Amino acid sequence: MFYPFFDQTIIVLIPALIFSMWAQFKVKGAFAKYSEVRAMSGVSAEQVSRMLLDRRGLTNVKIERVPGELTDHYDPRSKVLRLSDSVNSSRSIAAIGVAAHEVGHAIQDKEGYGFLKFRNAIAPGVQLCSTLSMPLFFIGLIFGSLNLLNVGILLFCGVLVFHLVTLPLEFDASARALKLLSETNTLSGSELGGAKSVLDAAALTYVAALVMTVLQLVRLLALRNMRRD
């Protein structure tokens, strides 16, 4: 998220931008590397997902294919696990790791995992906060309204809370995925290490998003203080 205003405070975002680019490089590199390594089990990511879901009593969760690369996600509202074109039919270590991660989210949903319940509850409000925070802050800058600046910052804090909640949620899903893959012997030894490398790299993107949001908030506060002075 960038702002329609540029000044010396934009330098605050540079470390986060560099970190974000590095995180994207890592995840794409890890996924590309282990997409070339076929799992010894010979099963596809879709088959693994179905097997792991059924093993945990989630026979009601459907699996759908969605277009794109790494667009995989679990939808708790419709109880659907969606696997991307690059993952669904693949028999690679990378694809199986990603699919198992999404199964981890489905299990979190079934167990009523606290962070997932909280994130789902605040998601609609956070979307509104994300939409309104920057326009209100920008208008506040233009008209010198401290009240609007403060409202914009307060709404942006909602976005920060969302990222703070997302981080442990994603780490937990990856931990569940690796445990399931090990318990079922779907992956073993170095294969598990490969899947972990992919999931660890993916986790970096969530860390990068959190760092960016924190530094964005720092910038907003700096701009507010400059306007107040």
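The values are calculated or read from the model by the stated rules, or taken from the named source; none is laboratory data. Everything quoted here is computed from the prediction, not taken from an experiment. As a convention, Cβ positions derive from the backbone with ideal geometry for all residues, glycine included, and neighbour counts pool all protein chains shown. Side chains are part of the model used for accessible areas, which takes the heavy atoms of the whole protein and leaves out ligands, DNA and RNA. Shrake-Rupley method; radii C 1.70, N 1.55, O 1.52, S 1.80 Å.
Tell me, what is the FRET efficiency for LEU154 and ALA123 to the nearest 0.05, using R0 = 22 angstrom and their Cβ-Cβ distance as r? Provide the component values of the computation, followed by the final result.
Details: r = 18 Å, r/R0 = 0.82.
Here the calculated transfer efficiency is 0.75.
What dipole magnitude, in Debye to the nearest 20, does the stretch 1-82 give about its Cα centre under +1 on Lys/Arg Cβ and -1 on Asp/Glu Cβ?
Working: 12 positive and 8 negative charges, 80 e Å.
For the stretch 1-82, the charge dipole is close to 380 debye.
Solvent-accessible area per residue for the chain at a 1.4 Å probe radius, Å²? Mind dumping the intermediate values first?
Numbers: 11370 Å² over 229 residues.
For the chain, the solvent-accessible area averages 50 Å² per residue.
Cut-off under 18 Å on the C-alpha distance; same-chain residues fewer than 8 positions from LYS117 excluded. Which lysines are left, in chain and number order?
LYS79
Relative contact order of the chain, please, whole-number percent, based on alpha carbon pairs below 8 angstrom and at least 6 residues apart.
27 percent
Nearest 0.05, what FRET efficiency do ILE11 and LEU70 give at R0 = 35 Å with Cβ-Cβ as r? Walk me through the numbers on the way to the answer.
Working: r = 31 Å, r/R0 = 0.88.
Plugging the Cβ-Cβ distance into 1/(1 + (r/R0)^6) gives 0.70.
Which order do THR9, THR71 take by accessible area at a 1.4 Å probe, largest first?
On the way: THR9 10, THR71 55 Å².
Heavy-atom accessible area, descending, gives THR71, THR9.
Which whole DSSP H helices in the chain pass both tests: a Cα extent of 18 Å or more along the axis and a mean Kyte-Doolittle value no lower than -0.5?
On the way: long enough: 14-35 (31 Å, 0.61); 93-111 (27 Å, 0.31); 114-143 (41 Å, 1.22); 146-183 (56 Å, 1.30); 190-228 (57 Å, 0.78).
Those that clear 18 Å and a mean of -0.5 are 14-35, 93-111, 114-143, 146-183, 190-228.
Kindly provide the helix-only [θ] at 222 nm of the chain, computed as the sum of -39,500 (n - 2.57) over DSSP H runs of four or more divided by all residues, to the nearest 500 deg cm²/dmol?
Working: 6 runs with 159 residues, N = 229.
When only DSSP H runs of four or more count, the value is -25000 deg cm²/dmol.
If you wrap a convex hull around the Cα atoms of the chain, how much volume per residue is inside, in Å³? Please list the in-between numbers first.
Working: hull volume 26.7 nm³, N = 229.
Each residue corresponds to 116 Å³ of Cα convex hull volume.
Rounded to the nearest 10 Å², what accessible area does SER35 have for a 1.4 Å probe in the complete protein model?
40 Å²
Which FRET efficiency value, to the nearest 0.05, do you get for ILE18 and LEU146 by plugging their Cβ-Cβ distance into 1/(1 + (r/R0)^6) with R0 = 41 Å? Working shown, then result.
Details: r = 32 Å, r/R0 = 0.79.
FRET efficiency, ILE18 to LEU146: 0.80.
Would you rank PHE143, PHE31 by solvent-accessible area, highest first, keeping every protein chain in place and using a 1.4 Å probe?
Values: PHE143 155, PHE31 15 Å².
The ordering from most to least exposed comes out as PHE143, PHE31.
For the stretch 1-87, which trypsin sites (Lys or Arg not before Pro) are in a loop by DSSP, counting at most 13 other Cβ atoms within 10 Å? Spell out each step's value before the answer.
On the way: sites: LYS26, LYS28, LYS33, ARG38, ARG50, ARG55, ARG56, LYS62, ARG65, ARG77, LYS79, ARG82; in loops: ARG56, ARG77, LYS79.
Answer by residue number: ARG77.
Residues of the stretch 78-117 with the amide nitrogen closer than 19 Å to a label point 7 Å from the Cα of LYS179, along Cα-to-Cβ, please.
Residues 97-117 qualify, since their backbone N sits under 19 Å from the label point.
Considering only protein heavy atoms and a 1.4 Å probe, what is the carbon-and-sulfur percentage of the accessible area of the stretch 170-229? Write out the running numbers ahead of the final one.
Working: 1460 of 2590 Å².
Carbon with sulfur: 57 percent of the solvent-accessible area.
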